[in-house]
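**Student:** Below you'll find the structure I mean.
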Amino acid sequence: MVTSAYILIKTASGFEKKILASLKEFSSVEHADLVYGLYDIIVKVKMNNSEELDSFIFDVLRPMQGVVETMTCICAPER
């Protein structure tokens, strides 16, 4: 089952644009924007399953230099 999610990312100061550019290189990233507020970047991803989402978050996103915090909002399946 395809898993879609929005990921909110808080970055260290000065890393916003670098992280945003890196994220846009991934085919699983449907959309990514800089935003104002508690978080600095919002990303919409689409993965083949929850294991791919886990791997993206824990093995790719969180280890990126400048990523301070993430919050993942998994989308409910369409009915």
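A short reminder: the numbers here are calculations on the coordinates, not readings from a lab. Please read all numbers here as calculations on a predicted model, not as lab measurements. Please note: Cβ atoms are built from the backbone with ideal geometry, for glycine as well, and neighbour counts cover all protein chains shown.
**Student:** What list of ³J(HN,Hα) couplings, whole Hz, do you get for segment 27-43 from phi and the Karplus terms 6.51, -1.76, 1.60, once you set θ to phi - 60° and write x for glycine and proline?
**Tutor:** 5, 6, 8, 7, 7, 8, 9, 6, 9, 9, x, 5, 10, 9, 9, 10, 10
**Student:** Then there is this: What distance in nm separates the simple spin-label points at Asp33 and Ala76, each placed 7 Å from Cα in the Cβ direction?
**Tutor:** About 2.2 nm, to one decimal.
**Student:** Given the options Ile7, Phe58, Ala76, identify the residue whose Cα lies farthest towards the positive end of the charge dipole of the chain (+1 on Cβ of Lys, Arg; -1 on Cβ of Asp, Glu).
**Tutor:** In the chain, that residue is Ile7.
**Student:** Using the Cα centre of segment 28-79 as the reference point, and only Cβ charges (+1 on K/R, -1 on D/E), how large is the resulting charge dipole? Debye, rounded to the nearest 20. Could you put the intermediate results ahead of the total?
**Tutor:** Numbers: 4 positive and 9 negative charges, 23 e Å.
Using only the charged Cβ atoms, the result is roughly 120 debye.
**Student:** Going Cα to Cα from Lys18, which lysines come in below 20 Å? Please leave out same-chain ones fewer than 8 positions away.
**Tutor:** List returned: Lys10, Lys44.
**Student:** If you don't mind, there's one more thing I want to ask. Met64 to Tyr6: FRET efficiency via 1/(1 + (r/R0)^6), r the Cβ-Cβ distance, R0 25 Å, to the nearest 0.05? Working shown, then result.
**Tutor:** Values: r = 17 Å, r/R0 = 0.70.
Once rounded, the FRET efficiency stands at 0.90.
**Student:** List every residue whose amide H lies under 5 Å from the amide H of Thr3, counting only residues 5 or more places away in sequence or on a different chain, with H placed 1.01 Å from N in the peptide plane.
**Tutor:** Placed amide hydrogens put Met47, Asn48, Asn49 under 5 Å from Thr3.
**Student:** Give the aspartates and glutamates reachable from Lys24 as a straight Cα distance under 16 Å; neighbours fewer than 8 places away on the same chain don't count.
**Tutor:** Glu16, Asp33, Asp40
**Student:** Each residue of segment 3-17 in turn: what ³J(HN,Hα) in whole Hz from Karplus with 6.51, -1.76, 1.60 and θ = phi - 60°, glycine and Pro shown as x?
**Tutor:** 10, 10, 8, 9, 10, 9, 10, 9, 10, 6, 4, x, 9, 4, 5
**Student:** Let me check against my output: what whole-number percent is the relative contact order of the chain, with C-alpha pairs under 8 Å and at least 6 apart?
**Tutor:** On the way: 129 pairs, mean separation 36.8, N = 79.
Relative contact order comes out at 47 percent.
**Student:** Same structure, new question: What's the exposure ranking of Asp40, Asp33, Asp54, going from fewest to most Cβ atoms within 10 Å? Don't skip to the answer; put the middle values down first.
**Tutor:** Values: Asp40 24, Asp33 10, Asp54 13.
The most exposed by this proxy come first: Asp33, Asp54, Asp40.
**Student:** Using θ = phi - 60° and the Karplus curve 6.51 cos²θ - 1.76 cosθ + 1.60, what whole-Hz ³J(HN,Hα) does each residue of segment 62-79 get, with Gly and Pro shown as x?
**Tutor:** Ordered by residue, 3J(HN,Hα) equals 4, x, 4, 4, x, 7, 9, 7, 10, 9, 10, 10, 7, 6, 5, x, 5, 10 Hz.
**Student:** Apply the a/c threshold of 1.5 to the C-alpha gyration tensor of segment 3-74 and tell me whether it is rounded, prolate or oblate.
**Tutor:** Details: a/c = 1.65, a/b = 1.57, b/c = 1.05.
Prolate is the answer for segment 3-74, as a/c is 1.5 or above and a/b outweighs b/c.
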